[in-house]
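Heads up: the structure comes next, in structure tokens.
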Amino acid sequence: MSDIRLVFLLRVPILLHQPGCCGMLEDQRWQPVPGTAGAEIYPFLRKPDVTCSNAYVIRTPGEILIVDTGADAGQMDRILELVEETIREAPRPVFLFITHCHADHCYQAIRDRRFRSLPDLTVAAEEEGARALESADPARTVAEIMGWEVEPLPVGLPLLTVRDREALEAGDGIVLHRQRIPLRSGDTLHVYHTPGHSDDSICIRFGDLLFIGDLLFATSPGVAGLVGWDQPALLATVGRVRWILACEPVSLCCPGHGRCVPAAAMPALLDRLAGDAGRLSDIGTFDRQRLDDSLEHAVDLLQEASRIFSVIAGRLYALAYRLDDLGEAEEARRYLDLLESDRIDEFLAEFSRFVDEFRAGEKLEVQLVLKAVQVIQRIEAHFAGDRLNHVVDASLLRRAGRLLTDFMNTIMGYRETACLSAVDLPPVLRDLVGGISTPPFSDEAFIEAADDPAAYRDGLVARLAYLPLFEGVDLSVETDGPLPPVLVDRERFFDEVVGVLEDLAAAGAREVRLSLRQEGDRIGLRVRGPAPLSGRKLRFYRRKFGLAGASLDPGADGAALLLLLRPAAS
């Protein structure tokens with residue numbers, strides 16, 4: 001399931017920002033609204049950013065229409081300039097239509113006193129969103145997630161109330177609620193209820209333009225699972241929007257973030273959205289607790305990813321150097337190409353700079369978390385994975401892969417179910433210690449492969465790539481009498497044990513003892529090295545071993561760490 005997630009996460013924002021997608025609308029310039037009697041639009045089209053949405057200002061002979069204000073103060077300054085210039089030409093009412101109540105779409109409308117004091121201003125929002133705005137609900141407006149304070153925003157025009165809406169059959173039993181709002185200019189504005197991203201999400205059609213809010217971003221990590229997010233409603237809304245595109249005059253769709261999408265390109269995006277939404281039936285709620293958990297995980301991710309991918313890249317570079325030195329230049333290039341380590345280093349360095357900006361107070365917590373998502377996607381696209389199995393330890397590769405997917409599971413709120421089985425720890429740990437201390441090749445096999453060029457080359461690569469990390473380290477397993485089998489996720493648990501041993505060896509350990517004994521109703525595994533692990537490492541391993549069925553006890557009595565495991569009989 002995790003592999004599938006990495007394929008589709010945040011794919012829509014990338015599509016939206018490709019050159020040429022905006023078609024008919026140019027950023028921050030007055031231009032005609034197709035399908036209207038002389039209306040003009042001034043769009044604010046931004047790169048996708050969770051802290052501020054696009055905004056659209058429309059002027060007609062009879063009124064000024066605004067679709068969202070966003071949350072950026074500079075953007076609001078410019079909106080106010082446009083509104084005031086237009087009113088000076090001829091006084092007319094101002095209507096703000098909010099596509100949904102999330103603060104990144106309306107924070108400036110809430111906070112800017114100049115805007116709220118405009119003469120003849122009416123704020124319009126779907127009736128559920130109107131209640132959230134008027135009560136300054138920090139969860140429904142996601143202000144809590146953003147770390148912003150909101151105050152009540154009066155909504156003079158609740159939209160899509162029972163008395164104002166009509167019900168349309170959109171096919172497959174899906175009902176679409178639509179409200180027509182006649183304007184002084186003679187045009188009609190159409191509002192459609194399109195819940196899913198939030199329960200108050202609407203689409204707005206004016207002329208041939210359809211304003212779609214955050215519809216296309218509804219399955220993105222950090223967006224999917226927000227308060228009000230509803231998977232069945234989102235799937236139905238895909239059908240509703242298909243009906244609008246097929247039955248109403250729409251030439252261009254104007255999203256809440258990113259550039260506009262020609263109507264002809266929407267069916268493929270809706271297909272993708274439906275497929276992505278269909279895989280999110282078990283997503284968790286993205287609330288403040290999950291954001292905090294994801295934030296802690298993101299910082300750990302940076303440091304651990306930097307370490308693991310540096311190790312993998314180092315082994316490949318060393319292998320390529322040795323192969324080249326032996327006259328195997330083509331083979332050397334092949335292994336360097338398996339991992340685009342320079343690109344991965346670039347992604348991690350970019351993330352590190354972002355963390356520095358966050359610590360300096362220049363970025364929000366949610367921005368840091370979503371930056372981590374972006375970095376993971378880029379690494380995943382360049383990571384060769386199982387193609388490196390004969391070069392890099394399989395345990396290290398599995399840990400690298402889990403590093404990515406475990407974080408994505410945290411973001412998406414998936415509850416990972418460990419594949420627990422009964423394991424007799426003492427003999428398995430002894431085999432593990434023996435295995436990591438023994439080279440994964442033999443001189444006899446290498447000599448026998450001399451007449452087979454392919455086998456000989458593979459054997460040569462295995463020898464050159466081997467890093468004797470535990471050479472000179474005395475590893476041993478001790479038990480305090482007979483012990484019952486324990487319940488663990490076998491592969492994950494032992495991979496993490498190897499990770500701990502690697503950390504200790506890298507720190508200069510020359511003797512490491514793995515001691516097993518009864519600890520009350522649990523079995524304890526103490527790993528004793530030269531010094532306890534750092535607080536960050538302990539936090540990291542607490543998370544990793546927890547997913548393997550073990551709990552980390554902070555009272556390690558001088559050991560590097562103490563793991564507690566449940567007996568299988570329990």
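The values are calculated or read from the model by the stated rules, or taken from the named source; none is laboratory data. Keep in mind it's a predicted model, so treat the numbers as computed, not measured. Here the Cβ positions follow ideal geometry from the backbone for every residue, glycine too, while neighbour counts run over all protein chains shown.
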Exercise. Which one of these is surrounded by 12 or more Cβ atoms within 10 Å (Cβ to Cβ), on the phi < 0 side of the Ramachandran plot and either touching a Lys or Arg at 6+ places or on another chain (Cβ under 6 Å) or at pLDDT 95 or above (or both): Glu169, Glu151, Glu134?
Worked result: Glu134
For this session: Could you tell me which residue of the stretch 398-432 is farthest from Ser306 (Cα to Cα), considering only residues that are of a type in the set (Ser, Thr, Tyr) and not in a helix (DSSP H, G or I)?
Result: Ser421
For this session: Could you tell me whether Asp164 is outside any strand (DSSP E or B) and surrounded by fewer than 21 Cβ atoms within 10 Å (Cβ to Cβ)?
Result: yes
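Residue-by-condition table, conditions (1) buried (at least 19 other Cβ atoms within 10 Å of the Cβ); (2) among the aliphatic types (A, V, I, L, M); (3) within 22 Å of Phe407 (Cα to Cα); (4) in contact with a helix residue (DSSP H, G or I) (Cβ under 7 Å, 6 or more places away or on another chain):
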{"residue": "His197", "(1), (2), (3), (4)": "yes, no, no, yes"}
{"residue": "Asp200", "(1), (2), (3), (4)": "yes, no, no, yes"}
{"residue": "Leu209", "(1), (2), (3), (4)": "yes, yes, no, no"}
{"residue": "Phe217", "(1), (2), (3), (4)": "yes, no, yes, yes"}
{"residue": "Arg240", "(1), (2), (3), (4)": "yes, no, no, no"}
{"residue": "Arg288", "(1), (2), (3), (4)": "no, no, yes, yes"}
Exercise. Which is within 24 Å of Gln31 (Cβ to Cβ) and surrounded by 19 or more Cβ atoms within 10 Å (Cβ to Cβ), of Leu189, Leu226, Leu234?
Worked result: Leu189
Exercise. Listed residues Leu118, Leu133; which is part of a loop (DSSP other than H, G, I, E, B), among the hydrophobic types (A, V, I, L, M, F, W, C) and under 25 Å from Ile41 (Cβ atoms)?
Worked result: Leu118
Exercise. Glu511 versus (1) over 13 Å from Asp474 (Cβ atoms); (2) surrounded by fewer than 19 Cβ atoms within 10 Å (Cβ to Cβ); (3) modelled with pLDDT of 90 or more: which is the lone unmet condition?
Worked result: (1)
Exercise. If you check Pro154 against the conditions, is it part of a loop (DSSP other than H, G, I, E, B) and in contact with an Asp or Glu (Cβ under 8 Å, 6 or more places away or on another chain)?
Worked result: yes
Exercise. How about the stretch 329-369: which of its residues are at pLDDT 90 or above and either in contact with a Pro (Cβ under 7 Å, 6 or more places away or on another chain) or polar (S, T, N, Q) (or both)?
Worked result: Ser352, Gln367
Exercise. Under 8 Å by Cβ, and 6 or more places apart or on different chains, what pairs join a residue from the stretch 152-166 that is assigned by TED's automatic domain parsing to the domain that holds Ile110 and farther than 28 Å from Arg113 by Cα with one that is at pLDDT 95 or above and surrounded by fewer than 16 Cβ atoms within 10 Å (Cβ to Cβ)?
Worked result: Glu166/Arg180
Problem set entry | Answer residue from the stretch 1-33, given it is surrounded by 17 or more Cβ atoms within 10 Å (Cβ to Cβ) and over 24 Å from the mean Cα position of the chain (by Cα) and is modelled with the lowest pLDDT among those | Cys22
Exercise. Taking the stated definitions as given, is Val250 assigned to a loop (DSSP other than H, G, I, E, B) and free of Cβ contacts under 8 Å to residues at least 12 places away in the same chain?
Worked result: no
For this session: Tell me which residues, restricted to the stretch 246-275, are among the small types (Gly, Ala, Ser) and under 23 Å from the mean Cα position of the chain (by Cα).
Result: Gly256, Gly258, Ala268, Ala274, Gly275
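A quick yes/no check of all residues on (1) among the hydrophobic types (A, V, I, L, M, F, W, C); (2) free of Cβ contacts under 8 Å to residues at least 12 places away in the same chain; (3) crowded, with 20+ Cβ neighbours inside 10 Å:
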site	(1), (2), (3)
Glu491	no, no, no
Asp495	no, no, yes
Leu525	yes, no, yes
Gly529	no, no, yes
Leu563	yes, no, yes
Problem set entry | Criterion violated by Ala384 - all others in (1) under 24 Å from Ile436 (Cβ atoms); (2) without any contact (Cβ under 8 Å) to a residue 24 or more places away in the chain satisfied | (2)
For this session: Find the residue count for the stretch 356-372, including only residues that are part of a helix (DSSP H, G or I) and closer than 17 Å to Met146 by Cα.
Result: 11
Exercise. Among (1) among the small types (Gly, Ala, Ser); (2) part of a helix (DSSP H, G or I); (3) in contact (Cβ under 8 Å) with a residue 24 or more places away in the chain, which single condition is Gly74 missing?
Worked result: (3)
Exercise. From the set of residues in the stretch 462-496 that are part of a helix (DSSP H, G or I) and modelled with pLDDT under 70, which is farthest from the chain's Cα centre (by Cα)?
Worked result: Arg463
